Structure formats: C-alpha cells, structure tokens
Amino acid sequence: MSLGGFRGPVIAFIAAISLMVGLAGASVVGGAPTLLGIGALGFTLSDLSVARDRFVAAGLLNVAWGLPTYYLSQLAIAYAASHVTHAVGYSWALYQFGATRRGESVQTGRCYCGGVRYALGGDLGPVANCHCRNCRLVHGAAFSTVALVSDADLRVTSGGELVREYQTGTGSRFFCDRCGGRLFNRNDSRPGLTALVVATLDEEPTALPLVHINVESKAPWYEILDDLPRFETLPPNISDNSKP
C-alpha cells in the first residue's frame, strides 16, 4: 500500500485532536464558533452519499479500505475549513473574556493620529478635572479631564512602539511619539491606577466630571463656574466611583 493511502486517516486524526481542543475552548468562552464549524461539517456530509456512489462506480474506492479513508478525509477537509472560523471567533472571545465575564463592554480609544490604539476592559472610573500646572502645560489648556481606571483593564492594542513615557518625578505621562497626543498618566502615589485622558476615547463618555482637583495651581485667568467639589490636591478617596 502506498504512503498516499495513509494521508486521509492522518489528516483526520490531526483534525480530531484540534476539534477536541476547540470544543474545550468553546465551553469556556461560548460555543458559537464551534457550532459554525459543525454546521460546515454537516453541509459537507450531505453530499457524501452522492460522491461515494460515483467514486465506487468508477472503481476508485473499495469498501474495505478506500471508502473509510474517503469519509475520514472529507471530515478532515470540512473541519479544516470550519477551523478558521472557530479560531477567529475563539480569539475574539478570549480578547473580550475579561470584560464580558463581568457584564462589561470593551471601550476603545486612540491618540490624535490613530497610530496608538488601546482597549479598556473595565468600567470607566470617576471623572475629574485636573488643574495642576503640569496638566495645563502638557495639554495647553486651563485643565485636563481624566478618569481613573485600573492598570489591569487598560492595554495598548496597536502602536505600542510609538508610546513614549515621560517621567515627571512623581509619576509618568504617556504620549504618542508621532503626533504627541496625550494618552494617560500614572502617579506613584496611586499604584495600580491610571489617569486616562477622557478625550482619547472613541465614544464620548456619558459620565460627567465629579470633582475639580489640584486647584491650588489653578490658572489665575480661569474661573470655575460650577458647584462641583474642589480639592487643593488629590482627594484620598478619588478612586471611589462616587462623589467625595
């Protein structure tokens, strides 16, 4: 028997192992991709009876060995096609798993030129208007609006090589090397938290600012007209998603 006679069973065996792994993964993040694969498999099987009769009539298959090989080969081909769909769906499910398991949605954002993109898997934290001298210098404005988020929920999805870090002595500011767009800040006094520049979100947030912070260095030419609480520095409970 030639080596070609083993090709079908070998492919089928490899496909069967992949199928078991895929099914195990789908049981964790949802079975939709696997169901698509099974659908493609059933579609191929529906034509096997007609093809089988034609191959047998032509003398190309025999019941003892050729016919089982033919069936296994077709199963392998069908699964190979569906495996692409499963892989894409499974990868996306893993990407969103950290957020969807808590009933959250993934928010996205970018720098000015779009070279750096990020994803936020957790909730947007408390929003604050920061009036510190550094923020005013960096943003060229009377204040910057930021939201506190967990470091673990924020990740750069593309353009990581463009992200630059400027250390200020009390923390770090991150921006795009290409366009200079400000992305987020991290303060050494608040480990595990990131101050995300709200304006970089792709979708405008519905949450309104809760406080004005660092007003001790507020621009003398700017007057705060709302009634939100004001703090000379950073309030101790700013990480809570409620008014201080």
**Fill in**
Only unsatisfied item for Pro235, checking (1) surrounded by 14 or more Cβ atoms within 10 Å (Cβ to Cβ); (2) in contact (Cβ under 8 Å) with a residue 40 or more places away in the chain, is (2)
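Any residue at all in region 108-128 that's assigned to a strand (DSSP E or B), more than 16 Å from the chain's Cα centre (by Cα) and closer than 19 Å to Arg190 by Cβ? So that I can check it myself, show each step before the final result.
Let us first name the residues in region 108-128 that are assigned to a strand (DSSP E or B), namely 108-110, 117-120, 127-128.
Subsequent filtering for residues that are more than 16 Å from the chain's Cα centre (by Cα) retains 127-128.
In the following step, the residues that additionally are closer than 19 Å to Arg190 by Cβ were identified as 127-128.
Yes; the residues of region 108-128 include at least one that is assigned to a strand (DSSP E or B), more than 16 Å from the chain's Cα centre (by Cα) and closer than 19 Å to Arg190 by Cβ.
If you go through region 129-167, how many residues are of a type in the set (Ser, Thr, Tyr) and either within 23 Å of the chain's Cα centre (by Cα) or in a helix (DSSP H, G or I) (or both)? Before you say what the answer is, go through the steps one by one.
At the first step, the residues of region 129-167 found to be of a type in the set (Ser, Thr, Tyr) are 144-145, 150, 157-158, 166.
If we keep only those that are either within 23 Å of the chain's Cα centre (by Cα) or in a helix (DSSP H, G or I) (or both) as well, we get 150, 157-158.
The total comes to 3.
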**Fill in**
Within region 159-175, residues crowded, with 16+ Cβ neighbours inside 10 Å and touching a helix residue (DSSP H, G or I) at 6+ places or on another chain (Cβ under 7 Å) come out as Arg173
**Item:** Residue check, Val198 out of contact with any Phe, Trp or Tyr (no Cβ under 9 Å at 6 or more places or on another chain), within 15 Å of Gly109 (Cα to Cα) and among the β-branched types (Val, Ile, Thr)
**Value:** yes
**Complete:** With criteria (1) surrounded by fewer than 18 Cβ atoms within 10 Å (Cβ to Cβ); (2) in contact with a strand residue (DSSP E or B) (Cβ under 6 Å, 6 or more places away or on another chain), Arg178 comes up short on (2)
**Prompt:** Is at least one residue of region 122-130 at pLDDT below 95, more than 26 Å from Glu232 (Cβ to Cβ) and crowded, with 16+ Cβ neighbours inside 10 Å?
**Reply:** yes
**Request:** With the checklist (1) among the small types (Gly, Ala, Ser); (2) surrounded by fewer than 21 Cβ atoms within 10 Å (Cβ to Cβ); (3) under 30 Å from Leu225 (Cβ atoms); (4) in contact with a helix residue (DSSP H, G or I) (Cβ under 6 Å, 6 or more places away or on another chain) in hand, flag the one item Gly192 doesn't pass.
**Result:** (3)
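The values are calculated or read from the model by the stated rules, or taken from the named source; none is laboratory data. This structure is a prediction, so every number in the text was calculated from the model and none was measured. Using ideal geometry, Cβ is built from the backbone for each residue, glycine included, and neighbour counts are taken over all protein chains shown.
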